[in-house]
1. Could you sort the peptides 11-19, 114-122 by per-residue average Cβ neighbour count (10 Å cutoff), highest mean leading?
2. For segment 28-106, give me the percentage of DSSP beta bridges that are antiparallel, rounded to the nearest 5 percent.
3. Does anyone have the angle between helix 69-81 and the longest principal axis of the chain? Alpha-carbon axes, 0 to 90°, nearest 10?
4. By how many degrees, between 0 and 90 and to the nearest 10, does the Cα long axis of helix 98-117 differ from the longest principal axis of the chain?
5. Sorted by packing (mean other beta-carbon atoms within 10 Å per residue), highest first, where do 37-43, 60-66 land?
6. Using alpha carbons only, how many degrees (0 to 90, rounded to 10) separate the axis of helix 7-28 from the longest principal axis of the chain?
7. If N is the number of residues in the chain, what value comes out of its Cα radius of gyration divided by 2.2 N^0.38 Å?
8. From Cα pairs below 8 angstrom and at least 6 apart in sequence, can you work out the relative contact order of segment 7-116, rounded to a whole percent?
Amino acid sequence: MSLPDNGKEKGRLNERRVIDAIEIVRCRDPWFWWIWSVRPATEQEDHRGIDAMLQSEIGAIIVQVKSRGRGAQEYRQRARRCGADPRDIAIVVAPDDDEALLRAVKGALVSVYEHRVGEQPERLDSLGSRGEGT
């Protein structure tokens, strides 16, 4: 996928791609049963540096989208300085490749889940109950 050259445009497009990827993961992957919904940030949230909000079984999760690893690292440092724990924020470095993006989204979401719950999420089996790795 070819992304725009303009940094702000690229950022908005990547935010949309990450939200779409979270929806795909939420709807298709039984390991992510705990995610209820995701939406773009409101104007107020956007002014606070939030790109999207995710509602889940483990509470609200801020989603931050960065185009480079360096930007993600700077965001983590800024969050710490503001008293936030960056492990509670799903920080996604958005690669251009869609499959790589899905992997990045899954990694960021599982990291937040593990931090908050202390373990990896269980898979939801086809009958709608939590299974033991099935």
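1. Working: 11-19: 19.2, 114-122: 12.7.
So the peptides 11-19, 114-122, ranked by packing, come out 11-19, 114-122.
2. Numbers: 8 of 13 bridges.
Taking every DSSP beta bridge with both residues in segment 28-106, the antiparallel ones total about 60 percent.
3. 80
4. 70
5. Numbers: 37-43: 14.4, 60-66: 20.9.
Those peptides, ordered most packed to least, come out 60-66, 37-43.
6. 0
7. On the way: Rg = 14.9 Å, N = 134, 2.2 N^0.38 = 14.1 Å.
With N residues counted in the chain, Rg over 2.2 N^0.38 Å equals 1.05.
8. Working: 144 pairs, mean separation 25.9, N = 110.
So the answer I get is 24 percent.
Throughout, read-outs are computed from the coordinates displayed, never taken from laboratory work. All values reported here derive from a predicted model rather than from experimental measurement. Neighbour counts are summed over all protein chains in view; Cβ atoms, including those assigned to glycine, are modelled from backbone coordinates with ideal geometry.
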